[in-house]
Amino acid sequence: GVNPELCHYFSARRSEITAALAELGLETADAPALAAAKALTTRHSKHSLEGEDRHDFWRQRAESLGYAPSSVVEQALTFGQAPLTRETEPSALMRQAVLGQLTEKASTFERRQLVAALAAHLTVEPGQSSLEDELARFDSNGEIVELDHDRWGHAVYSTPEIIALERGLHERATRLAATMVRSPELEHVDALIRGSHLNPEQAAAARTACEAKTVALTEGGPGVGKTTLLSPVTAAWQQSGWRVIGASTAWKIANQLRDELDIKARAIDSWLARAEDGGEFLTDKTMRLVDEAGLLTSRQMDRLLSEVERAQQGG
């Protein structure tokens, strides 16, 4: 809730460090040692506050930017006072929050999970709807869709948003899988595979990962050496003029890809945030390795594939 302008003003030394590294074509994450050294060399530039109350000093600077205590209080008191429309009544907002929680990491949910999530959000107050009333609204408003039943006969649900997203995701994945790129030469790939001493299963998976399809999938159980087979795959693409990057849902796995394959690797959400901010992510000659892709949510996978399409179109 703090205005970015105010944050930037009171982070002057941080901005100075970032600017100095940018001149070298680096970021603080890429060069922590240089960032630390720059931080030390800029300490002398801090204002001397001897004999002054630093809180008064900070308050004066904030007020000079238009952030007096009275204006901050007024903004806080008036925040959210706009009249609620029919679509944003408290009951509807609560149901949206419940569905957002249920579909954050999964595409389907059961009735019992819906009841538990709704009960956790529902505060019983005089005049407020009951649990039964809110459950009835989910059904009558078309906010949930019954897909099937589990082995015990319990209904399994999703939402219209998730169903539309996954249909679109399927269409996008099918379209990309039929799109070809200039892949490494098969003879070169085979030579790298032989040099890596892969077993037949690993070799077959490595060849799949080096095919000309825009999207390729390899699957294997724990301990079968998936990371091992990625070494010749990475080398094949890099030696064919491609930039190779790694991604995973967790930073721990991403860091393993970085260390074992000597490539840039980040958590999926970090790459996506970088893309949203206009930072370096995909180009039309970037090969992206996603480890444990089955753990991605539908939303994450859809955003990743949309970035692939954007890169192919030169966006």
Tally the residues that are open to solvent by 40 Å² or more (accessible area, probe 1.4 Å), closer than 16 Å to A173 by Cα, touching a helix residue (DSSP H, G or I) at 6+ places or on another chain (Cβ under 9 Å) and not polar (S, T, N, Q), restricting the search to the range 284-315.
6
Whether any residue in the range 116-128 is surrounded by 13 or more Cβ atoms within 10 Å (Cβ to Cβ) and within 25 Å of the chain's Cα centre (by Cα) is what I want to check.
yes
Number of the condition not met by E143 [criteria: (1) modelled with pLDDT under 90; (2) out of contact with any His (no Cβ under 7 Å at 6 or more places or on another chain); (3) buried (at least 16 other Cβ atoms within 10 Å of the Cβ)]:
(1)
Write out, first by first residue and then by second, each pair whose Cβ atoms fall under 6 Å of each other, whose residues are 6+ apart or on separate chains, and whose first residue, in the range 256-271, is over 14 Å from V244 (Cβ atoms) while the second is among the small types (G, A, S) and in a helix (DSSP H, G or I).
A267/A254
Show the residue pairs meeting these rules: Cβ distance below 7 Å; 6+ apart or different chains; first residue within the range 153-176 and at positive phi; second residue surrounded by fewer than 17 Cβ atoms within 10 Å (Cβ to Cβ) and of a type in the set (S, T, Y).
none
Those residues of the range 264-283 that are among the β-branched types (V, I, T) and open to solvent by 30 Å² or more (accessible area, probe 1.4 Å) come to a total of 1
Quick one: what pairs do we get from the range 57-74, first residue farther than 14 Å from L6 by Cα, second part of a loop (DSSP other than H, G, I, E, B) and open to solvent by less than 50 Å² (accessible area, probe 1.4 Å), C-beta under 9 Å, 6+ apart or different chains?
F57/L49
Name the residues in the range 146-187 that are outside any helix (DSSP H, G or I), open to solvent by 80 Å² or more (accessible area, probe 1.4 Å) and more than 30 Å from A204 (Cα to Cα), would you?
E146, L147, D148, H149, R151, W152, H154
In the set T85, T42, which member is open to solvent by less than 50 Å² (accessible area, probe 1.4 Å) and at pLDDT below 70?
T42
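The values are calculated or read from the model by the stated rules, or taken from the named source; none is laboratory data. What you see is a predicted model; the values in this text were computed from it and never measured. So basically every Cβ, Gly included, is an ideal-geometry build from the backbone, and we count neighbours across all protein chains shown. Surface accessibility is based on the protein's heavy atoms, side chains included, excluding ligands, DNA and RNA. Shrake-Rupley method; radii C 1.70, N 1.55, O 1.52, S 1.80 Å.
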